[in-house]
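See structure below.
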Amino acid sequence: MDVEFMRIISDMLGTTARLSAPILISALVIGVFVGLVQTVMQVQEATLTFVPKVVAIALILGLTGNWMLGELEDFMQRSLDSIPALLAG
């Protein structure tokens, strides 16, 4: 039971990392780029990075949403298929 449970937890963490990576990386890149532009132009407006990040995240979700849902569906199927092994102990 412990090995199967650890496999599910490991699979969960890996799936979470794969699904969140495109969103987090795009937000990071946009934030650094806008921060550099603000520094060069000497503009100190904290809300200026918000709109480009929201647009980038919406674009990434639009482009990768179908893949993300497929990954979640595969994870749920693997998790549900492993229930008998967990109950068998």
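Since every read-out is calculated from the coordinates, none of them should be taken as a lab result. Bear in mind that the values here come from a model prediction, so they are computed numbers and not experimental data. When we count neighbours, we look across all protein chains shown, and the Cβ atoms used for this are built from the backbone with ideal geometry, even at glycine.
Among D11, D74, the order by Cβ neighbours within 10 angstrom, fewest to most, reads D74, D11.
Under a model in which nothing but the beta-carbon of Lys, Arg (+1) and Asp, Glu (-1) is charged, the stretch 2-88 shows a dipole of about 320 debye around its Cα centre.
Given a 10 angstrom Cα cut-off, can you work out which residue in L36, L69, L28 is the most mobile in a GNM of the chain? Comparing L36, L69, L28 in a Gaussian network model of the chain, the most mobile one is L36. Counting every other Cβ atom within 10 Å of each residue's Cβ, V51, V34, V40 order from fewest to most as V40, V51, V34. Contact order, relative form, for the chain: 51 percent (alpha carbon pairs under 8 Å, 6 or more residues apart, mean separation divided by residue count).
The angle between the Cα long axis of helix 50-81 and the main principal axis of the chain comes to about 0°, on a 0 to 90 degree scale.
The C-alpha atoms of the chain define a longest principal axis, and helix 2-41 lies at about 0 degrees to it. Put simply, the stretch 2-88 fits an ellipsoid with semi-axes of 39, 14, 7 Å; these come from the alpha carbon gyration tensor as the roots of five times its eigenvalues, largest first. The stretch between F5 and N66 holds 19.2 nm of extra length on full extension. This uses 0.36 nm per residue minus the Cα-Cα distance. How high is the FRET efficiency from M76 to V29, r the C-beta distance, R0 30 Å, rounded to 0.05? After rounding, the FRET efficiency stands at 0.50.
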